[in-house]
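The values are calculated or read from the model by the stated rules, or taken from the named source; none is laboratory data. No experiment lies behind these values; they were computed from the predicted model shown. Neighbour counts are summed over all protein chains in view; Cβ atoms, including those assigned to glycine, are modelled from backbone coordinates with ideal geometry. Areas reflect the complete protein model, heavy atoms only, side chains present, ligands, DNA and RNA absent. Shrake-Rupley method; radii C 1.70, N 1.55, O 1.52, S 1.80 Å.
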Amino acid sequence: RWIALFAFGVPAIVLVVAWLARRQGWWAGLAGGLWLAGSPSWIAHGSLATTDAAVAVGLLAVAAATAAAWRAPTPMRLILLAALTGSAVAAKYSAVVGLPLAMLAVAKFSWRPAGAWTANLLRVMLGSTAFLALSLSVTWIWHGCEWVEVEAVDGPLHVEASPSWLPAPVAGMLAQWRHQQRGHSAYLCGEVRTHGWPFYFPVAMFCKSSPSELVSLLAVLVVPPVILAIRFMKRRGESRQAGFPRDISVVTWTLLSWMMWLAASGSSVQIGHRYLLVLYPLAILFTVDWLGAIGRRWSLWILGGLVAAQLVTSVAASPHYLAYFSPLVGGSAAGHRWLGDSNLDWGQDLHALKRWCDRHPEARGRIVYFGTANLADEGIRWRPATMEDWRRANRDFDYLAVSVTVLQQIYPAGSDGIQGTLPEGMAEELFQRRPVARAGYSIWIFDLREAFPGRRDAGVAAAIALPRARLYRPVGPEDWCLPMCRRSNRCM
């Protein structure tokens, strides 16, 4: 965790500060750095031992290298750009969305204004091929030059094929493509789907972004298209719009933001807004630079107010940064109504549960936990609930601690990563009740004597068999088939 913080969380802030300070001065760098450092989402994911902050830093570095190579395209700068692109893809394969951005610098380097278009096209193709080969080689080096045996998957025609050996990055990208095809269980506003919603990420970003961050996201995603539309309608070579510099840095921030947004919108894996984590530093870069370029006193007051509001939000959200939800949607206490999984619950509140148990030593309970942590190592004396516990006529516990992801039923009972089990229908029943306490925002604690009065000796499993519809549907064969197969109704 500390390695992730100093390797990825802090460098992104440093990069934002340096980039803005070079363009607008030290005051802009300080404002941008404080803005990003106060982001609840960046604090949460920048200090987790995951790849989300790593790929965000990688894409920021790719954007900076692209801008530098565009201004002065030299072989050494393009080699550095290829190395950074390959490293970003090694951190997370979703970084391939930054390849088109890097290709702009390759195209400018290869194109000769005085040359024939056929020769230029050939040079661009050769340059792009060399760039891709070098980037993939760097990615493979980060994988230890490993070869992976990939099993063939039967297609719609059920043609058998023998396993093949592929470079680790190629095998990883193939695995991600297959993951996209079969989808992933996701939760949105009380509904669980396997292949997601077209509006998932807009809702997720609205819910998980602070009010200041929403302003910056709207700026980077809306202002450039509006300016371009105004220029097109006026048919003028130069726009009179103040404070909108036409340079490669602004173009880089805008293009990368839109490419990330479009790639995420077309994805069927919708398990967290963290997939768009890089949008926060990009939006902050654009907004601070834009307000600084305007150079008016009112724009500087707006910037100061946005940064101050961000810092207030950060202090108010502490220490529950991962479960932060905007006050515009009811705050963190209402987060379970909107989103689940890594947006709210990554099993991070075991320490809070231990503190509650220490304050109530007389409480005897069981736990149904979403996470892989060893409960005993974390000091939790309650053990995972089993079906035998629920069938027992005279149970020896009165409390139940259960993760919100389990109550939302994002994943079927018995899935990997869920410790403990609930009887059929109990999750729906408990999700509609008010817990007696919460460990953070991701673990709810119920007093079963209040939740199911008069049922202590009846056996809970038999008492809660309710005719309620499940929040998730069973995964069927159609979820594992190709989209073309599903459309042609050939799933059996």
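Every residue, every condition in (1) within 22 Å of residue 286 (Cβ to Cβ); (2) open to solvent by 10 Å² or more (accessible area, probe 1.4 Å); (3) part of a helix (DSSP H, G or I); (4) not hydrophobic (A, V, I, L, M, F, W, C), yes or no:
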position	(1), (2), (3), (4)
13	yes, yes, yes, no
21	yes, yes, yes, no
31	yes, yes, yes, no
82	no, no, yes, no
88	yes, no, yes, no
103	yes, yes, yes, no
- Sort through 292, 331, 335, 340 and tell me the only one that's over 26 Å from residue 204 (Cβ atoms) and either within 20 Å of the chain's Cα centre (by Cα) or surrounded by 20 or more Cβ atoms within 10 Å (Cβ to Cβ) (or both). 292
- Query: What pairs can you find where one residue is in region 353-373 and over 20 Å from residue 450 (Cβ atoms), the other is open to solvent by less than 30 Å² (accessible area, probe 1.4 Å) and among the hydroxyl-bearing types (Ser, Thr, Tyr), and their Cβ atoms are less than 8 Å apart, with a gap of 6+ or different chains?
  - Reply: 369/403; 370/403; 370/405; 370/442; 371/403
- Only one of these conditions is not met by residue 213: (1) open to solvent by 50 Å² or more (accessible area, probe 1.4 Å); (2) at pLDDT 90 or above. Which number is it? (1)
- Item | Output for region 251-273, where each listed residue is touching a residue at least 40 places away in the same chain (Cβ under 8 Å), more than 17 Å from residue 13 (Cα to Cα) and not in a loop (DSSP other than H, G, I, E, B) | 252, 255, 256, 259, 260, 261, 263, 264, 265, 273
- Which residue, of 344, 322, is aliphatic (A, V, I, L, M), in contact (Cβ under 8 Å) with a residue 60 or more places away in the chain and closer than 30 Å to residue 21 by Cα? 322
- Task: Test residue 303 against the criterion of being more than 22 Å from residue 191 (Cα to Cα) and open to solvent by less than 60 Å² (accessible area, probe 1.4 Å), and give yes or no.
- Result: yes
- Would you tally the residues in region 408-435 being in a loop (DSSP other than H, G, I, E, B) and more than 19 Å from residue 269 (Cβ to Cβ)? 12
- Message: Of everything in region 1-11, what is among the hydrophobic types (A, V, I, L, M, F, W, C) and either modelled with pLDDT of 95 or more or surrounded by fewer than 20 Cβ atoms within 10 Å (Cβ to Cβ) (or both)? Give them in sequence order.
- Response: 2, 3, 4, 5, 6, 7, 10
- Query: Do we find that residue 280 is hydroxyl-bearing (Ser, Thr, Tyr), within 17 Å of residue 37 (Cα to Cα) and assigned to a loop (DSSP other than H, G, I, E, B) in this structure?
  - Reply: no
- Does region 366-407 hold any residues that are part of a helix (DSSP H, G or I), open to solvent by 10 Å² or more (accessible area, probe 1.4 Å) and in contact with a Phe, Trp or Tyr (Cβ under 6 Å, 6 or more places away or on another chain), and which are they? 406
- Message: Condition first: open to solvent by less than 10 Å² (accessible area, probe 1.4 Å) and either within 16 Å of residue 255 (Cα to Cα) or without any contact (Cβ under 8 Å) to a residue 40 or more places away in the chain (or both). Now tell me which residues in region 33-64 satisfy that.
- Response: 33, 56, 59, 60, 62, 63
- Restricting region 108-131 to residues that are of a type in the set (Phe, Trp, Tyr) and at pLDDT 90 or above, the residue that is surrounded by the fewest Cβ atoms within 10 Å (Cβ to Cβ): 109
- Message: Can you tell me which condition residue 260 does not meet? The list is (1) open to solvent by 10 Å² or more (accessible area, probe 1.4 Å); (2) over 18 Å from residue 57 (Cβ atoms), and all the others hold.
- Response: (2)
- Item | In region 187-210, the residues that are open to solvent by 10 Å² or more (accessible area, probe 1.4 Å), part of a helix (DSSP H, G or I) and within 21 Å of residue 333 (Cβ to Cβ) | 203, 206
- Query: Of the numbered conditions (1) without any contact (Cβ under 8 Å) to a residue 40 or more places away in the chain; (2) closer than 21 Å to residue 355 by Cα; (3) of a type outside the set (Val, Ile, Thr), residue 389 satisfies every one except a single condition; which is it?
  - Reply: (2)
- Residues in region 440-448: is at least one part of a loop (DSSP other than H, G, I, E, B), over 24 Å from residue 184 (Cβ atoms) and not β-branched (Val, Ile, Thr)? yes
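Filter region 123-152 down to the residues that are part of a loop (DSSP other than H, G, I, E, B) and under 15 Å from residue 86 (Cα atoms), then identify the one that is nearest to the chain's Cα centre (by Cα).
143
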